[in-house]
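Written below as structure tokens is the structure these notes are about.
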Amino acid sequence: MRDPRRAALLVVLVAGTVLLGISFRIEPGSSWFYPTALALAAVWAVGAFASGPVPLGERIVVLPLLAGVALAGVFVLGALIVRELPVLEDQVSAVTAYSDRGSGPLIVAITLVTGAAEELFFRGTVYAAVPEHSVVGSTLVYTLVTAATGNVALVFAAALLGLVVGLMRWWSGGVIAPTITHVTWSLVMLLVLPALF
């Protein structure tokens with residue numbers, strides 16, 4: 001990657017990290033959450049396309065969909081354990097509060113748009129920026145950015161999700177497969193976790 005593109009990547013990472021931190025400090029149910037979350041998705045998407053072509057890869061749906069469902073199943077089982085640990089239960093409840101107190105259709109739309117935008121940027125641009133260690137590098141950057149939320153549960157989720165979608169990116173050669181996995185996982189989490197916490 002040429003220096004101007006690397007500089008642009010860093011600017012997008014900083015802007016996205018700041019917006020992510022801000023969005024998770026907005027009170028759940030506040031109308032400010034929606035434009036902030038959409039602005040964050042726009043930063044990731046614009047950053048991805050501004051950095052050059054984003055490879056789409058194989059147009060395979062079933063395996064990425066199953067991977068998203070299987071990963072969600074692992075998280076649901078983990079949630080049954082986590083809800084017995086007060087410190088971690090509070091962390092997960094802080095996230096599910098956005099769906100509990102927000103507008104259902106808007107939260108679903110934001111979840112899907114944000115998941116897709118994250119994959120465009122992290123499994124598109126960031127993945128390409130670290131060609132020798134793309135899966136690990138993109139996962140590490142995604143996890144570090146998620147730390148801006150200040151939520152341990154989200155950081156752990158980012159590490160595991162990042163690894164799975166990174167492998168999907170490597171396997172498929174583009175962003176379509178990891179995007180399907182990510183949005184499937186996100187949608188299941190959005191629909192199931194609030195019932196558990």
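The values are calculated or read from the model by the stated rules, or taken from the named source; none is laboratory data. It should be emphasised that the depicted structure is a prediction, and the values quoted were computed from it without experimental measurement. Here Cβ is always computed from backbone atoms with ideal geometry, including for glycine, and neighbour counts include all displayed protein chains. For the accessible areas, the whole protein counts, side chains as well, though only heavy atoms, and no ligand, DNA or RNA atoms are used. Shrake-Rupley method; radii C 1.70, N 1.55, O 1.52, S 1.80 Å.
On full extension of the chain, what length is gained from residue 171 through residue 46, given 0.36 nm per residue of separation minus the C-alpha to C-alpha distance? Walk me through the intermediate numbers first.
Working: separation 125, 0.36 × 125 = 45.00 nm, distance 2.47 nm.
Roughly 42.5 nm would be gained on extension.
Most mobile of 18, 87, 165 per a Gaussian network model of the chain (Cα springs, under 10 Å)?
87
How large is the helix-only mean residue ellipticity at 222 nm for the chain, computed as the sum of -39500 (n - 2.57) over DSSP H runs with n ≥ 4, divided by its residue count, in deg cm²/dmol to the nearest 500?
Numbers: 8 runs with 148 residues, N = 197.
Counting only the DSSP helices, I get -25500 deg cm²/dmol.
Using r as the Cβ-Cβ distance of residue 132 and residue 62, and R0 as 41 Å, what FRET efficiency do you calculate, to the nearest 0.05?
Computed FRET efficiency for residue 132 and residue 62 comes out at 0.85.
Go through 33, 188, 136 and say which Cα lies farthest out towards the positive end of the charge dipole of the chain; charges sit on Cβ, +1 for Lys and Arg, -1 for Asp and Glu.
Checking the options against the dipole of the chain, the answer is 136.
Points 7 angstrom from Cα along the Cβ direction at residue 30 and residue 70: gap in nanometres?
4.0
What percentage of the solvent-accessible surface of region 1-66, computed with a 1.4 Å probe over protein heavy atoms, is contributed by carbon and sulfur atoms?
Values: 2860 of 3930 Å².
Its accessible area is 73 percent carbon and sulfur atoms.
For region 1-87, count the residues as N, evaluate 2.2 N^0.38 Å, and divide the Cα radius of gyration by that value, please. List each step's numbers first, then the result.
Working: Rg = 17.8 Å, N = 87, 2.2 N^0.38 = 12.0 Å.
Ratio of Cα Rg to 2.2 N^0.38 Å: 1.48.
What does the highest-first list of 155-164, 25-34 look like by mean Cβ count within 10 Å?
Packing order, densest peptide first, comes out as 155-164, 25-34.
Select from region 28-129 those trypsin sites (Lys or Arg not before Pro) which occupy a DSSP coil region and have at most 15 other Cβ atoms within 10 Å, ordered by residue number.
Details: sites: 59, 83, 101, 123; in loops: 59, 83.
Sparse-neighbourhood loop trypsin sites (Lys or Arg not before Pro): 59, 83.
Compute a Gaussian network model of the chain, connecting alpha carbons closer than 10 Å, and tell me which residue from 174, 21, 52 fluctuates the most.
52
Which distance in Å, rounded to a whole number, links the C-alpha centroids of region 45-74 and region 86-150?
About 13 Å separates the Cα centre of region 45-74 from the one of region 86-150.
When Lys and Arg each count +1 and Asp and Glu each count -1, what net charge do the other residues less than 14 Å away from residue 97, Cβ to Cβ, add up to? The partial results should precede the final answer.
On the way: positive: 25, 101; negative: 27, 89, 90, 100.
Once all neighbours under 14 Å are counted, the net charge is -2.
Among the GluC sites (Glu not before Pro) in region 43-125, which ones are in a DSSP loop with at most 10 other Cβ atoms within 10 Å of the Cβ? Mind listing them?
84
Principal axis lengths of region 98-197 from Cα atoms, whole Å, largest first?
43, 26, 18
Put a dot 7 Å past each Cα toward the Cβ at residue 87 and residue 147; how far apart are the dots in nm?
About 1.7 nm separates the two model spin labels.
Counting pairs of alpha carbon atoms under 8 Å apart in space and at least six apart in sequence, what relative contact order in percent does region 32-144 give?
Numbers: 54 pairs, mean separation 49.1, N = 113.
Result for region 32-144 is 43 percent.
Classify region 1-49 from the C-alpha gyration tensor, please: rounded if a/c falls under 1.5, else prolate or oblate depending on whether a/b exceeds b/c. Before the final figure, lay out the partial values.
Working: a/c = 5.57, a/b = 2.58, b/c = 2.16.
Note, shape of region 1-49 comes out prolate.
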